[in-house]
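Notes follow the structure.
The values are calculated or read from the model by the stated rules, or taken from the named source; none is laboratory data. Remember, predicted model here, so these are calculated numbers, not experimental data. Heads up, the Cβs are rebuilt from the backbone with ideal geometry, glycines too, and the neighbour counts pull from every protein chain shown. Each accessible area value is taken on the protein alone, full model and side chains, heavy atoms only, with ligands, DNA and RNA left out. Shrake-Rupley method; radii C 1.70, N 1.55, O 1.52, S 1.80 Å.
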Amino acid sequence: MQMLLELLAGLIAMLAAAALSQFGVDLQAPRHAEREIQRVQDCRDTPAASIAVTPPSDC
């Protein structure tokens, strides 16, 4: 008897999924895409943040 109920529940679930898919509803959770990692090499010879500091002339 329990096997018959599980079979009917599975059949109803499949029919519901088929009916909802006609309207664009997806019952599966969306999978997150893996992040793409790209390594970039800095080709500059000098540091990017260099500040020239001069002492004030009135000291």
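Quick rundown of the values:
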quantity	calculated
Residue match in the stretch 45-57 (condition: modelled with pLDDT under 75 and surrounded by 10 or more Cβ atoms within 10 Å (Cβ to Cβ))	no
The stretch 4-25 residues that are touching a residue at least 60 places away in the same chain (Cβ under 8 Å), paired with ones that are open to solvent by 100 Å² or more (accessible area, probe 1.4 Å) and in a loop (DSSP other than H, G, I, E, B) (beta carbon under 9 Å, 6 or more apart)	none
